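Written below as structure tokens is the structure these notes are about.
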Amino acid sequence: MKVLPLVVKLAVVKGSQYPPTCPLLLRVFTTNNGRHHRTDEFARGNVPSSELQIYTWMDATLKELTSLVKEVYPEARKKGTHFGFAIVYPDPKRQGYRVKDIGNTVSGRKGADDSMTLQSQRFQIGDYLDIAITPPNRAPPLMGRMRPY
């Protein structure tokens, strides 16, 4: 397990700065094959082994989180690396978890989802963040069913 050090984010919000203590420990799980973890990998108290722990705020943007992941994984710094973000949360209707895709960023490029925040996607403390990393030489996986013809 890799653990990122305490991240101090200072910004001006309505004339004041963030407090020096982060209110949230974000548990992030990454893959480098362009696909998110399966929901059964979170079953019965288990979690995938690729965990990063990031201290942050609910208004952290996907681009800010991308930068933190790139600090830990130098190979993800290459221009054109694709980051697919999903929230993994408990399913109240059955035992287990659900995955909700929330946005994408690309290393070295500006995108529509860069300024999206955890809070805007209804992330709740206790949820997990799953990031599917795709190297620049491989296209992100197609959504939906893939057919050979």
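Taking trypsin sites (Lys or Arg not before Pro) across region 41-133, the ones in a DSSP loop with at most 10 further Cβ atoms lying within 10 angstrom of their Cβ are Lys79, Lys93, Arg94, Lys110. Take Met58: with every protein chain present and a 1.4 Å probe, its accessible area is about 50 Å².
Note that region 15-124 presents 56 Å² accessible area per residue, ligands and nucleic acids not counted, probe 1.4 Å. Surface calculation, 1.4 Å probe, protein heavy atoms: Tyr97 sits at approximately 50 Å² accessible.
Glu64 contributes an accessible area of around 70 Å² to the protein surface, as traced by a 1.4 Å probe with all chains present. Remark: region 126-133, residue by residue, has Karplus-estimated 3J(HN,Hα) of x, 6, 10, 10, 10, 10, 8, 9 Hz, where x stands for each Gly or Pro and the curve is 6.51 cos²θ - 1.76 cosθ + 1.60 at θ = phi - 60°.
Solvent-accessible area of region 34-84 (1.4 angstrom probe, protein heavy atoms only): carbon and sulfur portion equals 47 percent.
The values are calculated or read from the model by the stated rules, or taken from the named source; none is laboratory data. Keep in mind that what you see is a predicted model, and the values were worked out from it rather than measured. As a convention, Cβ positions derive from the backbone with ideal geometry for all residues, glycine included, and neighbour counts pool all protein chains shown. Only protein heavy atoms, including side chains, enter the accessible area calculation; ligands, DNA and RNA are left aside. Shrake-Rupley method; radii C 1.70, N 1.55, O 1.52, S 1.80 Å.
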